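Undergrad: Sharing a structure here in structure tokens format.
Any read-out appearing in this document is the output of simple, stated calculations on the displayed coordinates, not a laboratory observation. Just so it is clear, the model here is predicted, and its values are computed rather than measured. Every residue, glycine as well, gets a Cβ built from its backbone with ideal geometry; the counts of neighbours run over all protein chains shown.
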Amino acid sequence: MSKREVISCLSLACVTLISSRSPERASLGGFPAGKREILSLHGNRSVERLEEQLLLYLEYHPQVAWYGRGDISSTFASTYKIATPLPTPYTIDYLFEGKAHVYLPDAIGQLLDGRFLIAEAGLEQDKRRERNRAKAEAARKVAEQQAGVYWIGTEATLSRTRHANLVFLHARRQAFPAWSQLEEALQVVWPWGEALVERLGERWPQAEREAAVWKHCAESAATPVTCWWTSLRSHSPGSRL
């Protein structure tokens, strides 16, 4: 197993632990020990952090039906029993300085309307370099050939504030013993704009009632919707998501 495969897996773990859309969801058991201390292949923690932001961004994007890493090998997928709707690794051929190369995108997936999705994250300055522009152009052409879209997320377009909000929200999707019963109760007492915790009564402890409301909100936020989020579309390097 290559270092790149290990890092790809670890970067995804924060989302796949409770992700509703990622094919790898059932395969990874959460944060491995020391994850935050592991350097990415880039030797730059900022790049790895942006990849994590991109994956959580996709998890809560209302038009994303499913997504997964594009840079894991078939052996890795088989070993960890990762469902792979598309070939892994997902290879994209490109030319740079007259030589043939292979590029593995950070994420691949599908939108609700059936369109293919290729998504990439990285530092904006790095994405403006000639070689990365060649990769982006090749990925964009592959997406267009399949009537799909190509998205790029950088430190300028992946909002830190929104990511912090999503991390807070995502953490509250953790399951707990009383969740299945509380979920049913919430469907009955959910009153728009009212205090839900009190309306659940005294059957469950206060902490569990609050946890149920938070989890319900997070699950709702992660559910795909049919309306188009107009600010999100195909992007070229340096453009905004």
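Undergrad: Fewest to most neighbouring Cβ within 10 Å: what's the order for Arg172, Arg69, Arg160, Arg129?
TA: Working: Arg172 17, Arg69 29, Arg160 10, Arg129 13.
Arranged by neighbour count, lowest to highest, Arg172, Arg69, Arg160, Arg129 become Arg160, Arg129, Arg172, Arg69.
Undergrad: Another one. Give the long-range amide H neighbours of Tyr103: residues separated by 5 or more places, or on another chain, with amide H under 5 Å away, using H modelled in the peptide plane at 1.01 Å from N.
TA: Amide H neighbours of Tyr103: Ile92, Asp93, Tyr94.
Undergrad: When the convex hull of the Cα atoms of region 175-222 is projected onto a plane and the area is averaged over all directions, what value comes out in nm²? Before the final figure, lay out each step's value.
TA: Numbers: hull surface 12.7 nm².
With every direction weighted equally, the projected area is 3.2 nm².
Undergrad: Treat every Asp and Glu Cβ in region 175-222 as -1 and every Lys and Arg Cβ as +1, leave all other atoms uncharged, and give the resulting dipole magnitude about the Cα centre to the nearest 20 debye. Write out the running numbers ahead of the final one.
TA: Numbers: 4 positive and 8 negative charges, 4 e Å.
Dipole of region 175-222, to the nearest 20 debye: 20 debye.
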